[in-house]
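The values are calculated or read from the model by the stated rules, or taken from the named source; none is laboratory data. Because the structure is predicted, anything quoted here is derived from the model rather than measured. Because the Cβ atoms are built from the backbone with ideal geometry, glycine has one as well, and the counts that use them run over all protein chains shown. Just the protein is used for accessible areas: all its heavy atoms, side chains included, with ligands, DNA and RNA removed. Shrake-Rupley method; radii C 1.70, N 1.55, O 1.52, S 1.80 Å.
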Amino acid sequence: QDQEKWDFVLVSDIHEVGSEKEIKRKKFLEELSKKGFTIKKIEDNKLFYGVRAPKHIFQKYQWLLGKSNSRRSNPDVHQDMPVTTRIRIVNFILQNTVTADLEKLDDLVKKKVFEASFPLHEKEEVREILKEKWARWRGIFHHQPIEKIRCYFGEKVALYFAWLGWYTRLLGFAAVAGLLVFVIGITIFSSSQVSKEICEANTTIMCPLCDQKCPFWLLSDTCTYAKVTHMIDNEGTVLFAIFMAIWATVFLELWKRQRAMVVTEWDLYRWDEEEEELALELINNLQHEPRRYRHSYFRSTVVLLLALLMIIVLIGIAHALVVYRVVATALFSQSELELLRDQANLAAVVTGAVLHYITILIMTWVNRKVALFLCDLEKPRTFSQRENNFTVKVFTFQFFTNFSSLIYIAFFLGRINGRPGNYVRIAGKWRLEECHPSGCITDLFTQMAIIMVLKQTISNIIEYLVPWVKYKLCKKKHPRKRSVFGEEEEAEDPCKRHWLSNYELNEVDRFSLFDEFLEMVTQYSFTTIFVAAFPLAPLLAFCNNLFEIHLDAIKMMRLHRRMVPRKANDIGIWLQVLEAIGILAVIGNGLVIAITSDFIPVQVYKYTYSPCVRHNRTDLDCSTGYINQSLSVFRIQDFEPHTKVPEMLPGFARHQIQEYRDYRNHDDYNYTVQFWHVFAARLAFLILFEHVALCVKLIAAWYIPDVPQGVKNKFLRKKHRDLCEKLRWVMPQEV
């Protein structure tokens, strides 16, 4: 049975005898034979070549790297070396074996000489445990067997699931806090003085929301929306935003401690990736010369300019979405359907959010292609460096893809559209859209809710169904060849069915794990950066992650070929990305509260203009009169000439003045002193909030050590023991 263990399987189409592809295939297999590889050929609808590396390759590895291999990895039955290490070494040699034509395996795959190469899912104890206890929906609330995952998939995959599990566990606290803030908002649904004033403003006539068929409307018409807005825009939101800034820091600091303990257990805390790669290069080719570090300012400049160009394109797409919402609002407001006409603004926001989600799906694919192209221009020295460069570029592009539209809604919508009688227009025709009458934060809440729900439902369904359907189709597409006459002996080969069943699974590539990280880090961005506008984001993320962990497990164990294990002692460049998101979260939430929310204008009114200040009254709510103070007066005769002034509402005089949300004088429409007071208060709050939040983050980072004392003491004892051992050799008589 030992002889039937194979490290890798290469798959090829059956080519004509003497064809160029057959000759190239033979040359590659001959190079492997020269290195001592055992090769077994099985013919079915395809050609399958099982390869097994000679023992001396693994002996060289152990000799070069000593005990750097972790102690507790699952040993193969026919070698003392862990299966994951064995697969990794063989994969490196296969990828770096060069034929006489100077072609590597990747080149041969591109030329259709080989179709695929993959390690096998073996029927071993670890796999059966993972399939039964991890890759099943019934294990959704159980602890993950991280050690078993490491034994089967390697350290990099194990660290991903360890990080995802830790993130989900701590996300539970954020989810509870967000739900608490939301529930408190529901309990004060009707108690807000501001909401009451809006609901009672049945004599306040507001300006039309569009140029043609939009009517005058009463402020009291937005009563329900005003209550909903107060449910998410209240004093608790500010505290929750500060809490999330602290949570993001505590999460990362505690993860650093958790990671230190995990990799210390694996004896990889001080593992050197560069040394590992050099060892593999020498094992593959004793004449190998290391590729030196180089830097080209010209190449870096070209890559930077192209990356900036891509970012401009992504921002342009966000502008296109803005134009869509402007045009859609104008068209919906002229619709024959009364419901669509009355809710034109909301309909434009909802359809814009769906369109934004579709652009995210399309641009995710485009961003990946552009990032790979830029990485090829950079010519990174190693695969790890290439992966880091790729990660930074893709995440940057994805950030602008996901957040450009949200940034516009949060900080520009309703603030650059002018005023009645002097609106800013696109192409001199369509006025820029305004915030929802109940407040700008409602639009941001709607956009966030739609995108997060769509991303975490449709995307997960597609993520599971696509590989499942591919797997089923592949099984039908490649039926096993029936044995006839002299082939009975071949049909009995125990390897054949095993190799075929592995071949029918979905292909994995080098960046398969990258896609999972990117999905989770993007979710982390949504959960933290604009959480002040959407306190339910952590709860949605928490529920999603409970399923995501086991969805990924099922895909890896049951639907995908075995991933090539990779050694690692951290999550790589993703940690720096998460730390950058933590800083952006402080800035983003500070801006949402200062600019998008009505929190600051209400506070300025309370402490500067309210009856509590002017008349020293304590028997009423200090926000009484805020709505009247936040409205500006507009005269009908000052409408632009091409604006079709609608009929006056029944019961109101034609000459009666109209109002709109802004701080402007009624005679010349210039900003009032109160506008500048509010502006200064917004700026002061933003500076104060960000400095306080960043200081708290720094204190939390200092207070929680990255490395536990137990880990430090373990290395201290090891150093002491090694030094004592050296002294015994040097001065045996004194010791």
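Details
- Residues of type lysines that residue 455 reaches as a straight line, Cα spacing below 20 Å, ignoring anything fewer than 8 places off in the same chain: 555
- Note on residue 392: accessible area is roughly 70 Å² with a 1.4 Å probe, heavy atoms of protein only.
- Selection from 357, 385, 397 lying farthest towards where the dipole of the stretch 341-412 points positive, charges on Cβ: 385
- The stretch between residue 27 and residue 546 holds 182.0 nm of extra length on full extension. This uses 0.36 nm per residue minus the Cα-Cα distance.
- Efficiency of FRET between residue 619 and residue 235 - r from beta-carbon atoms, R0 22 angstrom, step 0.05: 0.55
- Cα gyration tensor category, rounded, prolate or oblate, for the stretch 511-589 with a/c compared to 1.5: oblate
- Value of [θ]222 nm, deg cm²/dmol, for the chain, DSSP H segments ≥ 4, -39500 (n - 2.57) each, nearest 500: -20000 deg cm²/dmol
- Average accessible surface area per residue within the stretch 8-119, 1.4 Å rolling probe, Å²: 48 Å²
- Overall form of the stretch 271-330 per C-alpha gyration tensor (a/c, 1.5; a/b vs b/c): prolate
- Per-residue SASA remark: residue 224, around 90 Å² accessible (1.4 Å probe; ligands, DNA and RNA not included).
- With the simple model of a label 7 Å out from the Cα in the direction of the Cβ, residue 475 to residue 43 spans 2.8 nm.
- Pair residue 458, residue 123: separation of 7 Å Cα→Cβ label points (nm): 4.3 nm
- Cys residues of the chain that find no other Cys beta carbon under 4.7 Å: 151, 207, 375, 474, 495, 543, 695, 724.
- Computed in the context of the full set of protein chains, the accessible area of the chain at 1.4 Å probe radius has 61% of its extent on carbon or sulfur.
- Entries in 41/148; 21/41; 24/111; 196/606; 369/393; 24/60 that, when Cα-Cα distance is taken, lie over 20 Å: 41/148; 24/60
- Between 0 and 90°, nearest 10: helix 223-232 axis offset from the chain longest Cα axis: 40 degrees
- Per-pair calculated FRET efficiency, R0 = 45 Å: residue 424 and residue 131 via Cβ, rounded to 0.05: 0.15
- For the chain, the Cβ-based charge dipole about the Cα centre amounts to some 1540 debye (Lys, Arg positive; Asp, Glu negative; other atoms uncharged).
- For the set 459, 525, solvent exposure ranked by accessible area (probe 1.4 Å, protein chains only) runs largest to smallest as 459, 525.
- Considering only 681, 623, 245, and ranking their Cα positions along the charge dipole of the chain that arises from unit charges at the beta-carbon of Lys, Arg, Asp and Glu, the one farthest toward the positive end is 245.
- Anisotropy class of the stretch 132-182 from Cα gyration tensor, a/c 1.5 cut: oblate
- Cross-link partners of residue 719 among aspartates and glutamates (Cα-Cα below 15 Å; sequence separation of 8 or more within a chain): 267
- 3J(HN,Hα) from dihedral phi, the stretch 334-340, Karplus parametrisation 6.51/-1.76/1.60, rounded to Hz, x for glycine, proline: 9, 5, 6, 6, 5, 4, 5
- Solution diffusion estimate, µm²/s, Stokes-Einstein, the stretch 202-247, Kirkwood Rh from C-alpha pairs, 20 °C, viscosity 1.002 mPa s: 162 µm²/s
- Accessible area, probe 1.4 Å, largest first, for residues 271, 266, 63: 63, 271, 266
- Structure-derived Rg and Dmax of the Cα atoms in Å: which label, when the choices are [x] 27.3, 85; [y] 27.2, 92; [z] 32.1, 112: [z]
- Length-normalised contact order of the chain in % [C-alpha pairs under 8 Å, at least 6 apart]: 21 percent
- Rg(Cα)/(2.2 N^0.38 Å) for the stretch 8-119, N = residue count: 1.16
- Normalised contact order of the stretch 8-119, rounded percent, pairs of Cα under 8 Å and 6 or more residues apart: 40 percent
- The length gained on full extension between residue 376 and residue 354, counted as 0.36 nm times the residue separation minus their Cα-Cα distance, comes to 4.5 nm.
- Separation of the stretch 183-248 and the stretch 255-286, taken as the distance between their Cα centroids, equals 55 angstrom.
- Calculated on alpha-carbon atoms, Rg and Dmax of the stretch 367-437 in Å: 19.7, 61
- Rounded FRET efficiency, nearest 0.05, which uses the C-beta distance separating residue 706 from residue 684 and R0 of 45 Å: 0.85
- Distance from the C-alpha centroid of the stretch 414-432 to that of the stretch 511-590: 39 Å, rounded to the whole angstrom.
- Heavy-atom accessible area order for 225, 607, 671, 471, largest first, 1.4 Å probe: 607, 671, 225, 471
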